[in-house]
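Novice: Below is one structure. I have some questions about it.
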Amino acid sequence: MTSAPAQPTLFEGSKRLVYDDAIELTLQSMQAYGPAHDHWGIAWSGGKDSTATLTLILHLLDTGRLQRPKTLSVFYADTRQELLPLAISAEAIMRQMADRGVNCEVVRAPLDKRFLVYILGRGVPPPNNNTLRWCTRQIKVDPMTQALADRLDELDGSILMITGVRQGESAIRDGRIAMSCGKDGAECGQGWYQEVLPHASGIRGRIATLAPILHWRVCNVWDWLRIYAPMAEYGGWSTTAIADAYGGDEAEEVNARTGCNGCPLASKDKALDAVIASPHWSYLAPLKRLKPIYRELRKPQNRLRKAGVERLKGGGIAANPQRMGPLTFDARLWALAEILSVQAEINTAAATLARPEIDILNAEEEARIRELIASGTWPHGWDGDEPTADTPMDTVYADGSVQPLFL
Ligand code: SF4
């Protein structure tokens with residue numbers, strides 16, 4: 001566990017609370033934009049930036065530095081694939097919010113759209129950075145949009161959605177907000193909430209977004225989470241364990257993006273590596289097998305392919321002939337067994353060590369996956385009678401011409 005610096009910069013040793021320039025700027029931006037909205041919402045992923053935002057805003061409200069809105073709703077985005085130290089911290093913070101009467105809603109994708117059910121039940125290949133980037137929208141943004149739409153139905157007027165998007169000083173200079181999935185050190189989803197939510201159908205025009213820690217540097221985040229937020233004067237929040245997910249003492253050096261265990265879009269499992277390097281969490285090492293499982297699933301022998309010319313309903317031909325498609329049933333059942341064995345191995349070790357268990361695939365999800373496979377479920381546009389993608393076949397070009405296979 002990280003030790004606190006000898007001389008905190010935010011707290012002067014008296015009961016008077018003192019904030020550094022970064023927090024003062026956050027306070028000013030909240031004071032400038034907050035009062036224009038009766039209702040506030042906070043999109044919280046459980047990662048370091050959004051947790052810092054959440055706990056700071058709650059602290060500023062508790063101490064009267066910020067005027068309370070008429071309603072405040074916290075939306076916790078639970079993908080069911082979160083790193084365990086982050087999931088545990090999120091649960092502790094949710095209990096603390098419940099004790100204070102703060103309304104926190106856990107937002108999850110519907111069963112059939114959850115990450116593993118969608119892949120293993122429906123057969124959609126794991127996401128990648130190129131053609132198939134379905135996950136962030138489906139397991140984070142769409143459920144958040146729905147939760148917000150439901151909340152807006154209960155409210156008059158607009159809601160100010162507060163996010164933990166953070167870009168450091170360069171963001172202020174160039175005025176850009178990147179979609180955070182593509183940036184190291186960011187939390188998957190945050191940039192999407194900022195960019196996509198305000199335009200989502202059903203809530204368009206009724207939501208404004210604000211990123212009040214946009215200007216924070218990573219040291220500001222760690223100072224808040226590890227030193228100040230846990231102090232009673234600043235709220236006594238359970239935020240110190242969050243550092244575990246980012247490498248504990250090495251947290252400032254490890255620039256790890258957090259998101260799902262084994263995220264197929266990240267080139268390396270940096271955050272997971274940082275977690276299992278700690279003796280407390282080394283029993284989670286089997287999670288390292290997830291990324292290779294996802295990689296294996298994307299291979300041609302585990303997928304179907306459109307053969308020949310693909311005629312579209314309107315009469316034209318598909319622009320990407322012979323595209324690779326969904327996962328075969330054998331591949332799905334293989335991956336299901338592998339993932340269950342990763343989970344079982346970890347939970348057996350957890351029981352022996354008296355450590356927390358993981359829950360990335362529960363009984364309801366497993367049953368649904370098996371049910372979808374048993375009923376022969378394929379993604380839209382696929383029948384299941386297509387050949388596997390490693391089958392030799394004629395080459396079809398985008399203009400519909402065919403190069404026969406010479407054997
Ligand atoms: S962390 Fe990775 S797998 Fe999870 S939603 Fe983000 S990009 Fe997708």
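The values are calculated or read from the model by the stated rules, or taken from the named source; none is laboratory data. What you see is a predicted model, and the numbers here were worked out from it, not measured in a lab. Only protein heavy atoms, including side chains, enter the accessible area calculation; ligands, DNA and RNA are left aside. Shrake-Rupley method; radii C 1.70, N 1.55, O 1.52, S 1.80 Å.
Novice: Is there a pair in K48/K299; K140/K306; K48/K268; K70/K113 whose C-alpha atoms are over 27 Å apart, and which pairs would that be?
Specialist: Checking Cα-Cα distances, K48/K299; K140/K306; K70/K113 exceed 27 Å.
Novice: Report the extension gain between A344 and T63 in nm, rounded to one decimal, defined as 0.36 nm multiplied by the number of residues separating them, less their alpha carbon distance.
Specialist: Length difference between fully extended and current span is 96.6 nm.
Novice: Determine the order of F329, F115 by accessible area, beginning with the largest, at a probe radius of 1.4 Å.
Specialist: Per-residue accessible area, sorted high to low, gives F329, F115.
Novice: Something else about it: Once you order the gyration tensor axes a ≥ b ≥ c over the Cα atoms, which shape class does the stretch 23-147 get: rounded for a/c under 1.5, otherwise prolate or oblate by comparing a/b with b/c?
Specialist: prolate
Novice: Let me know the shape class of the stretch 21-250, please: from the alpha-carbon gyration tensor, a ≥ b ≥ c as square roots of the eigenvalues, rounded when a/c is under 1.5, otherwise prolate if a/b is greater than b/c, or oblate.
Specialist: Since a/c stays below 1.5, the shape of the stretch 21-250 is classed as rounded.
Novice: Ordering S29, S267, S341 by how much accessible area each has at a 1.4 Å probe, largest first, what is the list?
Specialist: S267, S341, S29
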